[in-house]
Amino acid sequence: MALAYVARFATSAGKLSDYLRRKLRERGWEGEGEADTGAIVARFVELGYVDDAGFARGKAQSLLRRGYGARRIDQALGAAGIAESLREDVRGSEVERRRAALVMARKRRFGPFGGGGRLDPAVREKQVAAMLRAGHPLAHAREVVNAMSAEALDEWIDEAAD
């Protein structure tokens, strides 16, 4: 079961362990003593079938490209059983985080991508709240929603690169 799972899905050691425990609970165990899921997971890590660092990098980059912020990425990696030290390494640079905020704004038509003109304060607050739920810091959310143009946001991203 474990081999079929890692062959089909990119996974972390924590997710594989949870999967094996769940399957044992659903199907039962007929072997002698207690099933040693920890040994199976350790063996798969040793063989390179499961790589937490690679999984974390891939998942974090995927979420950044989709427009999610650092807090949301941290939550997703924590749920996958990734250690805090690895989560810190893959959160992305300031430029990547600002770019992710811009991706979300374009996708959801926030700020300058929403048809132009000044926004109603209630609409602006809803947009900021949506960006906060997506894991972006308040400063980034306000910068994006209050931006006058897409060019101003490009300059904001370039500032972080300098």
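Only a single item in (1) open to solvent by less than 60 Å² (accessible area, probe 1.4 Å); (2) modelled with pLDDT under 95; (3) part of a helix (DSSP H, G or I) is not met by R21, and it is number (1).
Taking helices (runs of 4 or more DSSP H) as the structural unit, those lying wholly within segment 70-162 and holding at least 1 residues that are within 30 Å of V45 (Cβ to Cβ) correspond to 70-79, 84-89, 94-108. Among residues of segment 47-96 being over 11 Å from A13 (Cα atoms) and acidic (D, E), the one that is farthest from the chain's Cα centre (by Cα) is E94. Of A13, A39, A7, A2, all but one fail to be more than 22 Å from D89 (Cβ to Cβ) and either surrounded by 14 or more Cβ atoms within 10 Å (Cβ to Cβ) or β-branched (V, I, T) (or both); the exception is A2.
The values are calculated or read from the model by the stated rules, or taken from the named source; none is laboratory data. No experiment lies behind these values; they were computed from the predicted model shown. Note that each Cβ is placed from the backbone with ideal geometry, even for glycine, and that neighbours are counted across all protein chains shown. With ligands, DNA and RNA removed, areas are computed over all heavy atoms of the protein, side chains included. Shrake-Rupley method; radii C 1.70, N 1.55, O 1.52, S 1.80 Å.
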